[in-house]
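The values are calculated or read from the model by the stated rules, or taken from the named source; none is laboratory data. Bear in mind the structure is a predicted one, so any value in this text is a computation, not a measurement. With ideal geometry, Cβ positions are generated from the backbone for all residues, glycine too; neighbour counts draw on all protein chains shown. What goes into the accessible areas is simple: the full protein's heavy atoms, side chains included, and nothing from ligands, DNA or RNA. Shrake-Rupley method; radii C 1.70, N 1.55, O 1.52, S 1.80 Å.
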Amino acid sequence: MPDEIFSPEEVTLVSGSTKKVLFSWEGGGADDGMYVQYEVLFDKKGGDFSSPLYTQVGDLGGVKRVTMQHAQLNNIAKLAGAKPGETVGVIWTVRTSKGDKSELYKPGKEIKITRYNGLSEMPEKLYLYGSATENGGQGGRIFGKREEGVFVIYTKLTDGEIYLKDGTNETATQIYFNNVQNIYQEGKGSIQVTSTDEYATRIIVDLNNNSLSFGTVTELRAIWRDTDQVFGADESNGYNAPSPFYYTEGGVFTLTVTPNFIHRNPWWGAGEYHDDGRYYFVAKVNGTEYHWRNNEQANAPTNSTPLSYFLINDKELWNYYRDVFWMMRDVFRDKLCHINIFAGEDGKMYHSIELAE
C-alpha cells in the first residue's frame, strides 16, 4: 500500500486540451520485488470506494502514477453530479494488487474539478428531437456522421424548438447549442427555429469547432454528365425542363421522370449523337451549388450491385472537372422512373431508381 499520494488540490478543465493531470504516489511496492499492479479509484466525497465512479489502471500497469486527460476528469466530475461549468469535489485513492491480494490506501485525497462548458465526450451517434421536427418530437431522427464530431441531417422544420441526444433511450444525454456562448452543452436546453415551408433544411452539427449551421435546400436536380442538361430536357421543351426533386419526409427527396439517353455531344460536332448514361445530382443550398456525386468512377450497375455503389457524397462544391459519376442502367431507357434520394434513417445518403410502370 502507498505511503502517500499526490495530486493537484484543484483543476480547471479546458475543452480539447491536450494537457494531462498527474496522480502519483510513493511506496507500495512489493518487498520481494514481485510485480504489483496499481489502480486509481475515484468516488464521491463521503464514499468508501466500494462502488467507485471511475477506475484507471496505473500507467503501464505497474508505474506509480496515472496521467489523465481533461476529458476523462470532465466525465468523472459529471458522474459526481457537476453540470458543465460547475465545480465538484471528488476523492481518489490507490489500490495495489499482487496475485489475489489487494490493498486500498485510505482515507484517500480530495481534488476539486471544475468542468468545462462543453460535452464530456464525443458521441458516436446523434439524434434530432424537438417540437419543430417532422414528427413533433415523437422519437429522434438520426444524423449522418461525416467524420468524428461532425454530423449532418436533411429534414423539414416547423416553428418550434430543436435539441439533440446521443441516443434514443431514457438514459441518453441531451445536448443543445448555447447560442449565447456559442458552445454545445449537456442539459435540458434547446434552440428556437422557424419553418422552412416546403423546403428541406440541411443541419450541420460540428462539435469539434462548436458550430451549428442551417441551410435551405431550394433546388435539387438530376443531371446528365454528357450535356449537363437536367433529366427530362429534350427538344420538345427546349432543353429547359426543370425536373426538380421535391422533399417528402424522413429525409427523402423524390423525382418522377423519363430518362432520355440520347444526347448530342458538343465535342463531337453538329448532328452527331451517342448514348451516355452518366449522371450526377446538383443541390442548391443557401444559394450555393453542391455536387452530389459518387466517390469513384464505376460501370453501370446490375441487379447484384451492392448498395455502396449508390452512396452519395454531398459535401463538395460544384466542380465540372471532378469526373466521378454513376451510370444509368439501359433498362430505364425511355421509361417513366421514380428516383429517390434517401438522407436518412441509417445515417447515410444513397439513391435508388426504379420503374414507375
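Condition test on Leu126, is it open to solvent by 20 Å² or more (accessible area, probe 1.4 Å), of a type in the set (A, V, I, L, M) and at pLDDT 85 or above? So Leu126 fails the test.
Filtering the range 172-185 to residues that are at pLDDT below 85 and not hydrophobic (A, V, I, L, M, F, W, C) leaves Asn179, Gln181, Asn182.
Within the range 141-185, the set of residues being under 15 Å from the mean Cα position of the chain (by Cα) and of a type in the set (Lys, Arg) comprises Arg141, Lys145, Arg146, Lys165.
Whether a residue is among the acidic types (Asp, Glu), part of a loop (DSSP other than H, G, I, E, B) and without any contact (Cβ under 8 Å) to a residue 40 or more places away in the chain was assessed, and Glu124 does not pass this test.
State yes or no: is Leu41 in contact with a Leu (Cβ under 9 Å, 6 or more places away or on another chain) and either open to solvent by 70 Å² or more (accessible area, probe 1.4 Å) or assigned to a helix (DSSP H, G or I) (or both)?
Values: in contact with a Leu (Cβ under 9 Å, 6 or more places away or on another chain): yes; either open to solvent by 70 Å² or more (accessible area, probe 1.4 Å) or assigned to a helix (DSSP H, G or I) (or both): no.
No, not satisfied.
In the set Tyr105, Tyr35, Tyr54, only one residue is surrounded by fewer than 15 Cβ atoms within 10 Å (Cβ to Cβ) and among the aromatic types (Phe, Trp, Tyr); that residue is Tyr35.
Among residues of the range 89-121 being small (Gly, Ala, Ser) and outside any loop (DSSP other than H, G, I, E, B), the one that is nearest to Phe151 (Cα to Cα) is Gly89. Picking from residues in the range 154-171 that are without any contact (Cβ under 8 Å) to a residue 24 or more places away in the chain and not hydroxyl-bearing (Ser, Thr, Tyr), the one that is most open to solvent (accessible area, probe 1.4 Å) is Glu170. Of all residues in the range 190-212, those satisfying the criterion of being outside any loop (DSSP other than H, G, I, E, B) and either open to solvent by 30 Å² or more (accessible area, probe 1.4 Å) or under 20 Å from Gly144 (Cα atoms) (or both) are Gln192, Ala200, Thr201, Arg202, Ile203, Ile204, Val205, Asp206, Ser211, Leu212.
Per-residue answers, yes or no, for (1) farther than 22 Å from Ile312 by Cα; (2) among the β-branched types (Val, Ile, Thr):
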site: Val193; (1), (2): yes, yes
site: Ile204; (1), (2): no, yes
site: Gly215; (1), (2): no, no
site: Leu220; (1), (2): no, no
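Can you say whether Glu296 is surrounded by fewer than 18 Cβ atoms within 10 Å (Cβ to Cβ) and at pLDDT 85 or above, as far as the supplied structure shows? Here the answer is no, as Glu296 does not meet what is asked. If you take the residues of the range 130-142 that are open to solvent by 10 Å² or more (accessible area, probe 1.4 Å) and in contact (Cβ under 8 Å) with a residue 40 or more places away in the chain, which of them is nearest to Pro2 (Cα to Cα)? Checking each candidate, the answer is Ile142. Under the condition of being in a strand (DSSP E or B) and either in contact with a Phe, Trp or Tyr (Cβ under 8 Å, 6 or more places away or on another chain) or open to solvent by 60 Å² or more (accessible area, probe 1.4 Å) (or both), the residues counted in the range 68-88 number 3. Of all residues assigned to the range 187-194, at least one qualifies as being more than 16 Å from Val285 (Cβ to Cβ) and in contact with a Pro (Cβ under 9 Å, 6 or more places away or on another chain).
Taking the range 134-189 as the region of interest, the strands (runs of 3 or more DSSP E) fully inside it that hold 2 or more residues being within 16 Å of Glu249 (Cα to Cα) are 150-155.
Looking only at residues that are of a type in the set (Val, Ile, Thr) and either under 11 Å from Val285 (Cα atoms) or in a strand (DSSP E or B) (or both) in the range 213-227, which one is most open to solvent (accessible area, probe 1.4 Å)? Give the steps one after another, and end with the answer.
Residues of the range 213-227 of a type in the set (Val, Ile, Thr): 216-218, 223, 227.
Retained after the next criterion (residues that are either under 11 Å from Val285 (Cα atoms) or in a strand (DSSP E or B) (or both)): 216-218, 223.
Values: Thr216: 40, Val217: 9, Thr218: 65, Ile223: 5 Å².
Going through the qualifying residues, I end up with Thr218.
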